[in-house]
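Okay, so here's the structure we're looking at.
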Amino acid sequence: MKDYILITDSTCDLPKEYYEDRGIPCLCFPYSLNDTPYMDDFGQSLSYGDFYKGMRNGAIPATSTINVMMYTEAFTPFLEDKKDILYLCFSSALSSSYQNAKFAAMQLMEQYPNRRIRVVDTRRAAVAQGLLLLHAHKQYLKGLTLDELVGWVDGFYNRVNAWFTVDDLSYLHRGGRISAVAATAGKMLKIKPILTIDPSGALINTEKINGRKKSIKRLAELYAEHRHEDPERPVLICHGDCLEEAEKLKERLMEKHGAKQVEIHMVGPIIGSHVGPGILGMSFLGK
């Protein structure tokens, strides 16, 4: 039996059974929709479909971080069970949750001097964070020690590619990612930006594509340009209530570019609040 446990949070945007099957505790982020509070609990308190339907009808979402008290309450039972903790956290460039977790860990290690908590900034989000988690868990099962797995993640995360496009630029404007002028002009010209995550874990714009169909085609091309040589490596597609387009991207990845394993998952409300309905993206291992 291992002397530490692997933990993550709900911004991985993976189905609940992925965590249950692997015995990975997943901490849920809080959020609200039109000032009604919810938890990002795999759609149990509010279904993902109703969340995106609300946004399309003008409901205003707001996300919160996992605070220090929530981390303390989540970590303590494992310390009491004489387990160390490795927490793979949502990108610090996108949330203050990393700092909150670090502070909670520092306080708890003073109370439990024989226990260790390592908080690791994945510098990834959505299924990119999820893909990193799944590969880290494979290393965990191989028997890597806590320190060895921390070192492995630090050397591996940059191989996890993440590429996204959005359907409505107003959500990026609301989150301070682009100016009002850029959002208005982009909407008029039907601009669909291609976004990725830089080495710090921040979301950046790399290209401006004219039209949704072309942006989906471009995502598939980026897979072909950056993928690992082995087509058996899985690709995780994520979408914000636009399953039909996610299926089109999957079809193109498999038929045009030789991908063998492609999964489709829905983007949860934490990421979805900032990118809006119609977010479409993918994550895969690059060279």
### Message
Taking each pair of distinct Cα atoms in region 47-91 once, what is the resulting Kirkwood hydrodynamic radius in Å?
### Response
13.6 Å
### Message
For residue 5, what residues show an amide H to amide H distance below 5 Å, using hydrogens built from the backbone and excluding near sequence neighbours?
### Response
84, 85, 86
### Task
Taking 7 Å along the Cα-to-C-beta vector as the label spot, tell me the residue 243-residue 224 distance in nanometres, rounded to one decimal.
2.9 nm
### Task
Could you check which residue among 198, 154, 81 shows the biggest mean-square fluctuation in a GNM of the chain with a 10 Å Cα cutoff?
81
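Given a 1.4 angstrom probe, what's the average accessible area per residue across the chain, in square angstrom? Don't skip to the end; give the middle numbers.
Working: 13090 Å² over 287 residues.
On a per-residue basis, the chain sits at 46 Å².
Just how many % of Cα pairs in region 1-86 lie over 23 Å apart, if you round to the nearest whole percent? Each step should come with its number before you reach the end.
Working: 1196 of 3655 pairs.
Considering region 1-86, 33 percent of its Cα-Cα pairs are separated by more than 23 Å.
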### Query
Cα to Cα, under 27 Å, and not fewer than 8 places away if on the same chain: which lysines meet these conditions relative to residue 142?
2, 16, 82, 83, 102, 260, 287
### Task
Check the straight Cα-Cα distances from residue 192 and name the aspartates and glutamates below 15 Å, setting aside those fewer than 8 residues away within the same chain.
167, 168, 207, 245
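Consider all pairwise Cα distances in the chain and report the whole-number % of them above 27 Å. Show your work: numbers first, answer last.
On the way: 16065 of 41041 pairs.
Cα-Cα pairs in the chain separated by more than 27 Å: 39 percent.
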### Query
Where is the GNM fluctuation largest for the chain (alpha-carbon springs, 10 angstrom cutoff): 62, 128, 136?
62
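For the chain, which whole percent of the accessible surface, found with a 1.4 angstrom probe, sits on carbon and sulfur atoms? Please report the intermediate quantities before stating the final value.
Working: 6650 of 13090 Å².
Summing carbon and sulfur atoms, their accessible area is 51 percent of the total for the chain.
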### Message
What does the net charge come to around residue 277 if you take all other residues with beta carbon closer than 10 Å to its beta carbon, with K and R at +1 and D and E at -1?
### Response
-1
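The values are calculated or read from the model by the stated rules, or taken from the named source; none is laboratory data. Because the structure is a prediction, the values reported are computed rather than measured. With ideal geometry, Cβ positions are generated from the backbone for all residues, glycine too; neighbour counts draw on all protein chains shown. When the accessible area is computed, the model is the full protein with side chains, heavy atoms only, and any ligands, DNA or RNA have been set aside. Shrake-Rupley method; radii C 1.70, N 1.55, O 1.52, S 1.80 Å.
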